[in-house]
Amino acid sequence: MLKIYRRDGLDAAEKLVPAWRGPEKVGAQMFTLALALEREGDHVGAEAAYRRAVDGGFPPAMLNLANRLEHRGENAEAEELLRRATEAGALKGQDY
């Protein structure tokens with residue numbers, strides 16, 4: 001997925017996960033891509049991938065993106081993401 005992202009962009013990488021597998025699976029894959037991009041120092045790409053994972057309803061992405069936004073002082077959006085993550089059970093000891 002990382003190789004496709006580098007070559008063809010985020011849309012192409014997202015299409016690697018068939019839509020019929022559901023938004024949760026797409027969200028999980030986008031989250032994995034975001035983590036890889038962060039490790040490489042591509043913070044812009046990581047944030048875009050986190051946002052796609054959030055769109056897929058993946059709670060760990062909500063937490064990570066909220067953390068990034070909070071560090072930048074974008075507290076309103078960060079608080080909204082934390083609320084959504086909490087409602088999804090992300091802060092109740094669920095395994096991801």
I'm told R21 meets every condition in (1) touching a Ser or Thr at 6+ places or on another chain (Cβ under 9 Å); (2) open to solvent by 70 Å² or more (accessible area, probe 1.4 Å) except one. Can you identify the failing condition by its number? (1)
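For region 62-82, name all the residues that are assigned to a loop (DSSP other than H, G, I, E, B) and open to solvent by 80 Å² or more (accessible area, probe 1.4 Å). Let's see the steps before the verdict.
Initially, region 62-82 is screened for residues assigned to a loop (DSSP other than H, G, I, E, B), giving 72-74.
Answer for region 62-82, where residues must be assigned to a loop (DSSP other than H, G, I, E, B) and open to solvent by 80 Å² or more (accessible area, probe 1.4 Å): just R72.
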Any residue that is among the basic types (K, R) and touching a Phe, Trp or Tyr at 6+ places or on another chain (Cβ under 8 Å) - is there at least one of those in region 50-70? yes
With criteria (1) at pLDDT below 90; (2) in a helix (DSSP H, G or I); (3) among the small types (G, A, S); (4) open to solvent by 50 Å² or more (accessible area, probe 1.4 Å), G93 comes up short on (2)
Subset of region 42-61 that is in contact with a helix residue (DSSP H, G or I) (Cβ under 8 Å, 6 or more places away or on another chain) and either acidic (D, E) or in contact (Cβ under 8 Å) with a residue 60 or more places away in the chain (or both) - its residue that is surrounded by the most Cβ atoms within 10 Å (Cβ to Cβ): E47
Quick one: would you say G56 is modelled with pLDDT under 95 and small (G, A, S)? yes
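The values are calculated or read from the model by the stated rules, or taken from the named source; none is laboratory data. Predicted model only: the values in this text are computed from it and were never measured. Neighbour counts run over all protein chains shown; Cβ positions are idealised from the backbone, glycine included. Just so you know, the surface numbers come from the protein's heavy atoms only, side chains and all, with ligands and any DNA or RNA stripped out. Shrake-Rupley method; radii C 1.70, N 1.55, O 1.52, S 1.80 Å.
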